[in-house]
Amino acid sequence: MEVFDEYESEVRGYIRSFPTVFDKAVGSELFDEDGRRYIDFFAGAGTLNYGHNPERAVEAQIQYLQDRRIAHGLDKATVAKKAFLETFIEKILEPRQMEYKLQFTGPTGTNCTEAAMKLARQATGRNLIVAFTNGYHGHTMGALAVTGNQAYRDESYGARGAVNFMPFDGFLGDMDTLYIFERYLDDKGSGLEAPAAVIVETVQGEGGINVASSAWLQGLEKLCRKHGILLIVDDIQVGNGRTGKFFSFEEAGIRPDLICLSKSIGGGNPMAVLLINPEVDVWSPGEHTGTFRGNSLAFVAAKELIDQYWSDDHLTQEVYRKSEIVLETLRGLRDEFPQLNSRVKGRGLVVGIETPIDGFAAEVSAAAFERMLISETCGADGHVNKLFVALTIEDDILREGLDIFADVFREVARKHA
Ligand SMILES: Cc1ncc(COP(=O)(O)O)c(C=O)c1O
């Protein structure tokens, strides 16, 4: 690890939690440079929903490179982009009666959320964005302004104006948090300007696996419509089938104006797409530009993966089935150690267990790594052990990983009991 310790910036993060030099990876298994095998319960924080190096996508990319097809195209028309667009429209948008334009932003999630907020401001002529407590939307300055976790925010970064936070569903226990937002919007004395948009995750991944109910999301949509506010759903982490259906908001039946997609869409390649209600598409040509929009290899992989996994609802059913397996283990641990006051959280395969003891979840995650299981923690206080498996994980690997997780959870729990 010396070269990393000596030359890589202090900013490095995951390398500290998982200190080994990774080399190969297939599906839900990773191998380090010494050939040691690790089970992946992290899935690149939602980037590897289809596992590492999914076979069909890899084969298609190899062929694409071998044939010397266009690798870098800015936002020019390419055969790879055309094939992706046609497949995405046919397999994802049309079956859901969704009419959206696609914008390929710079290839990170944060660039996509930036683009969504800029466009919402332009389209409405308003400035304010409303974000929610414990939201996470990325680390460029606009995206950071709507990210709640104090650990990422620093006064020295300068102004983060034109953003207001409102309580997310469940933030105030059983209280209807939308009522507060509604009062602020309705009362001219609240001090809240008319917002251009709200930006929301349906399940807050980094923020601690907080699930918004369908009723809350429907209420939010209604409030947005009433006040001419655009609804941005950030589906970067929990889209692409993570909650079962392709989009996380499908169960709630809402129609966001802007949808941010990234992470798993490119099957592990950098790629981000902003879906835009055509009425809101007020960009002039090249107005939100960037060198790496339209990553050909990502288009090739994305097309293959959508063809493979979204031509029917098999993957959705698999997510529901595997979710029950993970939840059963987590509920068992919660019930085994009632004194810890742990809570099982999540929906689909965005699941975790929250234990309100400082350092507990980090200890479990570190102990899991010792046993060759990679899993992370989340939440503003780092209280949640997040089990983020590939949607395609084989049952035997899933059970092997869950057994390891349960063992280390018990070990740490006994120390704290
Ligand atoms: C919901 C959400 N939005 C935005 C981002 C930022 O994406 P990126 O890290 O690719 O910039 C993330 C990353 O974890 C995310 O989970």
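The values are calculated or read from the model by the stated rules, or taken from the named source; none is laboratory data. If you're wondering where the values come from, they're calculated on a predicted model, not measured in any experiment. So basically every Cβ, Gly included, is an ideal-geometry build from the backbone, and we count neighbours across all protein chains shown.
Within the stretch 165-172, identify whether any single residue is touching a residue at least 24 places away in the same chain (Cβ under 8 Å), under 29 Å from THR355 (Cβ atoms) and not in a loop (DSSP other than H, G, I, E, B), and answer yes or no. Among the residues of the stretch 165-172, at least one is touching a residue at least 24 places away in the same chain (Cβ under 8 Å), under 29 Å from THR355 (Cβ atoms) and not in a loop (DSSP other than H, G, I, E, B), which makes the answer yes. From the list MET175, MET166, the lone residue that is buried (at least 19 other Cβ atoms within 10 Å of the Cβ) and among the aliphatic types (A, V, I, L, M) is MET166.
For the stretch 249-264, the tally of residues that are out of contact with any strand residue (DSSP E or B) (no Cβ under 6 Å at 6 or more places or on another chain) and within 12 Å of the ligand (Cβ to nearest atom) stands at 3.
Residues are listed down the side, and each one gets a yes or a no for (1) hydroxyl-bearing (Ser, Thr, Tyr); (2) more than 16 Å from the ligand (Cβ to nearest atom); (3) modelled with pLDDT under 95:
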site: GLN66; (1), (2), (3): no, yes, no
site: ARG69; (1), (2), (3): no, yes, no
site: ALA77; (1), (2), (3): no, yes, no
site: ALA80; (1), (2), (3): no, yes, no
site: THR87; (1), (2), (3): yes, yes, no
site: GLN97; (1), (2), (3): no, yes, no
site: GLN103; (1), (2), (3): no, no, no
site: THR113; (1), (2), (3): yes, no, no
site: ALA131; (1), (2), (3): no, no, no
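Checked against the criteria, THR108 does not count as within 10 Å of the ligand (Cβ to nearest atom) and free of Cβ contacts under 8 Å to residues at least 40 places away in the same chain. Among the residues of the stretch 365-383, the ones that are crowded, with 22+ Cβ neighbours inside 10 Å and part of a helix (DSSP H, G or I) come to 2 in all. Taking the criterion of being in a helix (DSSP H, G or I) and among the acidic types (Asp, Glu), the residues of the stretch 316-359 that qualify are GLU318, GLU324, GLU328, ASP335, GLU336. The set of residues in the stretch 178-206 that are away from the ligand (no atom under 16 Å from the Cβ), touching a residue at least 60 places away in the same chain (Cβ under 8 Å) and crowded, with 22+ Cβ neighbours inside 10 Å comprises PRO195, ALA196. What are the residues in the stretch 101-132 that are surrounded by fewer than 24 Cβ atoms within 10 Å (Cβ to Cβ), part of a loop (DSSP other than H, G, I, E, B) and within 20 Å of the chain's Cα centre (by Cα), if any? Across the stretch 101-132, the qualifying residues are GLY106, PRO107, THR108.
Among the residues making up the stretch 265-290, those that are within 16 Å of the ligand (Cβ to nearest atom) and over 12 Å from ALA115 (Cβ atoms) are ILE265, GLY266, GLY267, GLY268, ASN269, PRO270, MET271.
For beta carbons closer than 8 Å, sequence separation of 6+ or different chains, a first residue in the stretch 284-301 that is at positive phi and a second that is outside any loop (DSSP other than H, G, I, E, B) and basic (Lys, Arg), the qualifying pairs are GLY294/LYS81. For the stretch 133-147, the set of residues classified as assigned to a helix (DSSP H, G or I) and more than 8 Å from the ligand (Cβ to nearest atom) consists of MET141, GLY142, LEU144, ALA145, listed by residue number. Scanning the stretch 313-353 for residues that are within 20 Å of the chain's Cα centre (by Cα) and closer than 17 Å to ALA417 by Cβ yields one hit, ILE353.
Of GLU354, GLU336, all but one fail to be out of contact with any Cys (no Cβ under 8 Å at 6 or more places or on another chain) and surrounded by fewer than 20 Cβ atoms within 10 Å (Cβ to Cβ); the exception is GLU336. Scanning the stretch 265-307 for residues that are in contact with a Leu (Cβ under 7 Å, 6 or more places away or on another chain) and in a helix (DSSP H, G or I) yields one hit, VAL280. A residue that is among the small types (Gly, Ala, Ser), on the phi > 0 side of the Ramachandran plot and part of a helix (DSSP H, G or I) occurs somewhere in the stretch 46-65. Only a single criterion out of (1) more than 16 Å from the ligand (Cβ to nearest atom); (2) within 23 Å of the chain's Cα centre (by Cα) is not satisfied by ASP34, namely (2). Within the stretch 384-399, the set of residues being surrounded by fewer than 17 Cβ atoms within 10 Å (Cβ to Cβ) and in contact (Cβ under 8 Å) with a residue 24 or more places away in the chain comprises GLU394, ASP395, ARG399. Yes or no: GLY267 more than 21 Å from the chain's Cα centre (by Cα) and in the same structural domain as ASN210 (by TED's automatic domain parsing)? Here the answer is no, as GLY267 does not meet what is asked. Within the stretch 311-344, the set of residues being touching a residue at least 40 places away in the same chain (Cβ under 8 Å) and either basic (Lys, Arg) or touching a Phe, Trp or Tyr at 6+ places or on another chain (Cβ under 6 Å) (or both) comprises LEU315, LYS322, LEU333.
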